[in-house]
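Input: a single structure, listed below in C-alpha cells.
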Amino acid sequence: MEKTDNILQVGVLGCGPIAQFAHLEACQKAPNVKLYAVCDQAENLAKKMGNFYGAEKVYTDYGEMLADPSLDAVIVATSDPFHLNAALQAILARKHVLVEKPLGTDLEEAIALGEEVTRSGLHMQVGHMKRFDPGIVSAKQFIRKDLGTIVAYKGWYADSTHRYDMTDSTQPLPHTSTISKKPSIDPKADLEKYYMLAHGSHLLDTARFLAGPISSIHARLKREGDMYCWFMDTVFESGANGHLDLTVAVRMDWHEGFHLYGTEGSVLGKIYNPWYFKTSEVTCFSAKQGEYRQVLDNKAHFFKNQLGAFAQSILTGDPNHGSNLDDGIASIKAMLAIHKSVVKGERIWLDTIKQGVL
C-alpha cells in the first residue's frame, strides 16, 4: 500500500528482536507512517538497522532523538523494565508514544505516567497488538451487536515446547550487539514473573477487550518441572463469569483462544502464533439468525495495523480500539492481583490493588 500525504514521523527506541521482528517492518508498511529515526545505545546495531530500514536519522542517545523537532512520535521497543521511564521521557519531550506491552512493572510509576499523559494531551497507546487481529476485531463487533448479555468468558494462552522450532522457520535471525543495553537482572531469571509479563499480559488484555473490565480474580498456580500453569477464576464488572488459563509450555502446538456464551449467541476463537501473521479463526453463532459467521481477512500484520491506527488517531483525532494507558494500568493491576491471590490463596478485588512491583 502506498504512503499517504499525511505522514507521522516515528522514531523507534531499541533495535533488538521485537523491533526487528515487528516494529521496524510495521513502519515500512503502515501507509501513514515514516520511519524517521532509530535509537539504540549499541551504535553498530543502530546504524545497521537504520541503514537497512531507511531511517533518516540514527541516534545512540535517546535524549538527542527526543530533542529532534521533526520527530512526531516514539515506539518504545526496549526491555520491560525500561518501558515506563522511556515513555515518560517522550511525553515530557512532547512526543506521542506507542509503548510495547506490558506498560511497565511498577504500578505507582504507571499511574504517575498516566497523570502526566493526561496533563500533556498527547496520545499514548500500549502495544497489545492482538486487538488489531481481524478475527478478534470481528468477535468484538459481534459481541457488541449480536451476542446479547455475556454470561461467561473462557480464555486460554498456552505457549508450546515446539514454538521456537516453528518460529525459527518464519523469522530471520535477529541482529545483535555485545554492547546493547540490558536490564540489571536477567528477565528470565524469574520464569514465573517472565511468563506472566510476556504471555499473561496478552491473555488479560484480550479478555478485557472482549468481555470488559475484570472485577476480581482467584488464581492458582501449579508448577511441574519446567511447566507453569495458572488457572484463574474471574468475575467481570458486568457480572459475567470467567475462566483464564495460562500454561507454559504445553506439549503440543501453540494453543490460544477464547469462548464466549451470550444470551443471543456464542463466539469461539482460535488464535494462531502471532509470528505467523495469520488472522484468528473466529466463529460467531447468532441464535436470532440461526447461522454461523466467520470472517476471512488476510490483512493480518497486527503490528502494521496497530501502528497505522496509532498514526491515524494522532493525525486525524479519530479514536481507535487500541489498548490505551488505562488498559495498560489495568493489566498491571490484574497481574499483581494474580500474584497476590496465588500467595494468599484467596480472591483478590482489583480495586484494592493500589501499588506493587511485578
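Just want the ordering: His83, His96, His128, His199, from fewest to most Cβ atoms lying within 10 Å of their own Cβ. If you can, show how the numbers build up before the last one.
Working: His83 29, His96 23, His128 26, His199 20.
Ascending number of Cβ neighbours within 10 Å: His199, His96, His128, His83.
Once the dipole of the stretch 111-221 is set up with Lys and Arg at +1 and Asp and Glu at -1 on Cβ about the Cα centre, which of Tyr195, Ala219, Tyr164 lies farthest towards its positive end?
Going by the Cα projections, it comes out as Ala219.
If r is the Cβ-Cβ distance from Glu291 to Asp253 and R0 is 35 Å, what FRET efficiency results, to the nearest 0.05?
On the way: r = 29 Å, r/R0 = 0.84.
That gives a FRET efficiency of 0.75.
Under a Cβ-Cβ cut-off of 14 Å, what is the net charge of the residues other than Glu264 that fall near it, where Lys and Arg count +1 and Asp and Glu count -1?
Neighbourhood net charge equals +2.
How large is log10 I(q)/I(0) at q = 0.06, 0.07, 0.10 Å⁻¹ when the Debye formula is applied to the Cα atoms of the chain, each weighted equally and without solvent?
Here the Debye-derived log intensity ratios amount to -0.21, -0.29, -0.61.
Sticking with the crude label model, points 7 Å out along Cα→Cβ, report the distance from Phe231 to Asp165 in nm, one decimal please.
2.9 nm
Taking the radius of gyration and the Kirkwood hydrodynamic radius from Cα positions alone, what is the Rg/Rh ratio for the stretch 221-286, to two decimal places?
On the way: Rg = 14.5 Å, Rh = 14.0 Å.
Radius of gyration over Kirkwood radius for the stretch 221-286 works out to 1.03.
Relative to 2.2 N^0.38 Å, what does the C-alpha radius of gyration of the stretch 9-52 come to as a ratio? Two decimals please. The partial results should precede the final answer.
On the way: Rg = 9.7 Å, N = 44, 2.2 N^0.38 = 9.3 Å.
Relative to the rule-of-thumb radius for its length, the stretch 9-52 sits at 1.04.
Can you check what the Kirkwood hydrodynamic radius comes to for the stretch 51-145, Cα pairs only, in Å to one decimal? Mind dumping the intermediate values first?
On the way: mean 1/r = 0.0671 Å⁻¹.
Value: 14.9 Å, from the Cα pair sum.
Among the aspartates and glutamates, which have Cα under 12 Å from the Cα of Lys95 when same-chain residues fewer than 8 positions away are ignored?
Partners found: Asp68, Asp72.
Going by Cα centres, the stretch 6-25 and the stretch 67-104 are how many Å apart?
Taking the Cα centre of the stretch 67-104 as reference, the centre of the stretch 6-25 is 12 Å away.
Using +1 on the beta carbon of Lys and Arg, -1 on that of Asp and Glu, and nothing else charged, what's the dipole of the stretch 147-215 about the Cα centre, debye to 20? Numbers along the way, then the final one.
Details: 7 positive and 7 negative charges, 40 e Å.
With only Lys, Arg, Asp and Glu charged at Cβ, the dipole is about 200 debye.
Give me Thr234, Thr176 sorted ascending by neighbouring Cβ count inside 10 Å, so fewest comes first.
Thr176, Thr234
Label points 7 Å out from Cα along the Cβ direction at Lys188 and Glu56: separation in nm?
Each label point is offset 7 Å from its Cα along the Cβ direction, giving 3.8 nm.
Consider just the alpha-carbon atoms of the stretch 158-241 and return their Rg together with their Dmax, both in angstrom.
Rg and Dmax of the stretch 158-241, Cα atoms, are 16.9, 51 Å.
Would you tally the net charge around Tyr53, using a Cβ to Cβ cut-off of less than 14 Å, leaving Tyr53 out, and scoring K and R as +1, D and E as -1?
Values: positive: Lys29, Lys34, Lys47, Lys48, Lys57, Lys304; negative: Glu25, Asp40, Glu56.
Summing Lys and Arg as +1 and Asp and Glu as -1 gives +3.
So which DSSP H runs in the chain come out at 27 Å plus along the axis (Cα) with average Kyte-Doolittle of at least 0.0?
On the way: long enough: 325-344 (28 Å, 0.64).
Long hydrophobic helices here: 325-344.
Rank the residues Lys354, Lys333 as a footprinting-exposure proxy: fewest other Cβ atoms within 10 Å of their Cβ go first. Kindly include the intermediate steps, with their values, before the conclusion.
Values: Lys354 10, Lys333 23.
The order, fewest Cβ neighbours first, is Lys354, Lys333.
Excluding same-chain residues fewer than 8 positions from Lys154, which aspartates and glutamates have a Cα within less than 18 Å of its Cα?
Asp205, Asp233, Glu237, Asp245, Glu256, Glu264, Glu281
Only the coordinates and a few stated rules stand behind these numbers; no lab work does. Note that the structure is predicted; figures quoted are calculated from it, not measured. Because the Cβ atoms are built from the backbone with ideal geometry, glycine has one as well, and the counts that use them run over all protein chains shown.
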